[in-house]
1. Out of the residues in the stretch 185-224 that are in a loop (DSSP other than H, G, I, E, B) and under 14 Å from the mean Cα position of the chain (by Cα), state the one that is modelled with the highest pLDDT.
2. I need a count of the residues in the stretch 92-109 that are surrounded by fewer than 17 Cβ atoms within 10 Å (Cβ to Cβ) and not polar (S, T, N, Q).
3. Of all residues in the stretch 139-151, count the ones that are buried (at least 21 other Cβ atoms within 10 Å of the Cβ) and among the aliphatic types (A, V, I, L, M).
4. So the check is Cβ under 7 Å with 6+ separation or different chains; which pairs have a first residue in the stretch 39-63 that's at pLDDT 70 or above and a second one that's among the hydroxyl-bearing types (Ser, Thr, Tyr) and open to solvent by less than 50 Å² (accessible area, probe 1.4 Å)?
5. Suppose we keep only residues that are part of a helix (DSSP H, G or I) and over 25 Å from Lys58 (Cβ atoms) within the stretch 114-138. Which one would you say is most open to solvent (accessible area, probe 1.4 Å)?
6. For the stretch 187-205, enumerate the residues that are closer than 23 Å to Ser139 by Cβ and open to solvent by 80 Å² or more (accessible area, probe 1.4 Å).
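The values are calculated or read from the model by the stated rules, or taken from the named source; none is laboratory data. Here the structure is a predicted model, which is why all the values come from computation and not from measurement. FYI the Cβ positions are ideal-geometry reconstructions off the backbone, even for glycines, and counts take in every protein chain you see. Side chains are part of the model used for accessible areas, which takes the heavy atoms of the whole protein and leaves out ligands, DNA and RNA. Shrake-Rupley method; radii C 1.70, N 1.55, O 1.52, S 1.80 Å.
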Amino acid sequence: MRFPELARRFLELEPKLAEGPEKEALSLLHAMLQELWREVGARPGEREGLEALRNLYKKAPKMEAPRVAPGLSVGERAPDFALPDAQGNPVRLSDFRGRPVVLVFYPLDWSPGCSQQLDLYQAELPEFERRNAVLLGISVDSIYCHGAFAFARGLTFPLLADFHPKGEVARRYRVWREEDGFSERALFVVDPEGIIRYAHVSPYLHHTPPIEELFQALDALRRG
């Protein structure tokens, strides 16, 4: 298995471990291996090229347009879907019944705000794991674009391709921007029964939703 597949397998098994020092130690080891993979996973010339690729978003055109789609509301049932991940494997929302799911709709791979937002979620992945939450990124990019983007940024949670029919799932969640051809930047927390318990559509495309609110919503689910 390649590193991303091993990391994903770890994330699937980690919630099943009992809380305690052993689980914390394994989580720390996982984080250490991720950092090592980022730093020394390529030869010197490749590392410089990878770093340049990672930093392309800093020179990319900004996305600052206002929100045009409202998104589904808290209390509505989250529409089920099946979308391919970067390896072409279908991922269904209903596969995760019994666990909270965070749906991260974002405009495009490689764009400035999306790179920074997904980097943030990767860095805070242990906090999502601690809350037993599944994190799923969704955009209109192809599986091949997702694979390259995830590799360059060291992302280990699934990125799903809402590629064909283009934006179908974004439309069902009412976050589709028809004139732009991509989705709003939006978050939905879906409870273990499939009901939306938190919804946030950014007022502007470049606004990243507060991660504190996201964790508060997940904590509220844990409290019942």
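1. Arg185
2. 6
3. 2
4. Tyr57/Ser111; Tyr57/Ser115; Ala60/Ser111; Met63/Ser111
5. Here the answer is Arg130.
6. Selection gives Arg197, Tyr204.
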